[in-house]
Amino acid sequence: MTDAQEQELIDVGLKRIRHLRMGLWVIVIVFVPLVYLLVSMNVPEAVVMAIGVAWVCFGVIIELMLGFFRCPACNKYFHVRGMRGNVLVSKIFTKKCMNCGIQLKQHGFRH
Ligand SMILES: [Zn+2]
């Protein structure tokens, strides 16, 4: 594999992390207006509750996906230092890999 191909794989991986993060933000931000909208539309409380729970589960799934995301450069957990780290206390919004230090946004950073 050439350096350029390797770099492209890393970029794709980093892009995926950014997309997942964006999805997580959207879910968090949209949650309150969504519930408000459902209530104002006279949707039965049980349905609102079910949608609310499903919504939160969806957010947790994305958070776990982020927590277990492997760094495309060093193949360790991006948000957890070391392989034995606790994903639940991982730094979900770190801007760089906790292991090799590759920047999420910087292009072409090598360690
Ligand atoms: Zn790394």
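The values are calculated or read from the model by the stated rules, or taken from the named source; none is laboratory data. Since this is a predicted model, take the numbers as computed values, not measurements. Reconstructed Cβ throughout: ideal geometry from the backbone, glycine too, with neighbour counts over all protein chains shown. Accessible surface areas use protein heavy atoms only, side chains included; no ligands, DNA or RNA. Shrake-Rupley method; radii C 1.70, N 1.55, O 1.52, S 1.80 Å.
Can you tell me which residue is surrounded by the most Cβ atoms within 10 Å (Cβ to Cβ) among those in segment 70-100 that are under 18 Å from LEU24 (Cα atoms) and modelled with pLDDT under 85? Per the stated criteria, the residue is SER90. Checking each residue in segment 30-56 for being part of a helix (DSSP H, G or I) and open to solvent by 70 Å² or more (accessible area, probe 1.4 Å) picks out VAL32, PRO33, TYR36, LEU37, VAL39, SER40, GLU45, ALA46, MET49, VAL53, VAL56.
From the residues in segment 1-42 that are touching a residue at least 12 places away in the same chain (Cβ under 8 Å) and of a type in the set (Val, Ile, Thr), which one is farthest from PHE69 (Cα to Cα)? Among them, the one singled out is VAL35.
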